[in-house]
1. Taking θ as phi - 60°, what are the ³J(HN,Hα) couplings along segment 64-70 by the Karplus curve (6.51, -1.76, 1.60), each to the nearest whole Hz, with x for Gly and Pro?
2. Report the residue, chosen from Ala65, Ala47, Ala37, that carries the largest GNM mean-square fluctuation when the chain is represented by alpha-carbon nodes joined by springs under 10 Å.
3. Let me check against my output: what whole-number percent is the relative contact order of segment 8-69, with C-alpha pairs under 8 Å and at least 6 apart?
4. Take His59, His48 and order them by how many other Cβ atoms sit within 10 Å, fewest up front.
5. GNM on the chain, C-alpha springs below 10 Å: top fluctuator among Leu42, Leu52, Leu66?
6. So for the pair Ala31, Lys77, with labels modelled 7 Å out along Cα→Cβ, what separation do we get in nm?
Amino acid sequence: MIEGKEVREMAQKVTKDMNIMDILQIDEGLAPIFMEAGMGCLGCAAAHFENLEQACAVHGIDADALEVKLNEYLAAK
């Protein structure tokens, strides 16, 4: 796992293979997007090892659509 500052510096966009906790460390504004999509338990143990695609599959969420929303948020900053 990459530490917080390094993640923020390295991540220019979110990809489906990224770990949920690493994504959340990029920008705190991403958390509400996850919650609106139906992932309310961002602090659960699975968030430490599941990637975006796996978490979306578990929650019945379109991973491609969520990836786009997360990246749109980051691009607008």
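A short reminder: the numbers here are calculations on the coordinates, not readings from a lab. Here the structure is a predicted model, which means the values were calculated and not measured. FYI the Cβ positions are ideal-geometry reconstructions off the backbone, even for glycines, and counts take in every protein chain you see.
1. Karplus values, whole Hz, x for Gly and Pro: 5, 5, 5, 4, 4, 4, 4.
2. Looking only at Ala65, Ala47, Ala37, the largest GNM fluctuation is found for Ala65.
3. This gives 41 percent for segment 8-69.
4. Final ranking by Cβ density, sparse to dense: His48, His59.
5. The residue that fluctuates most here is Leu42.
6. Spacing of the two 7 Å Cα→Cβ label points: 1.4 nm.
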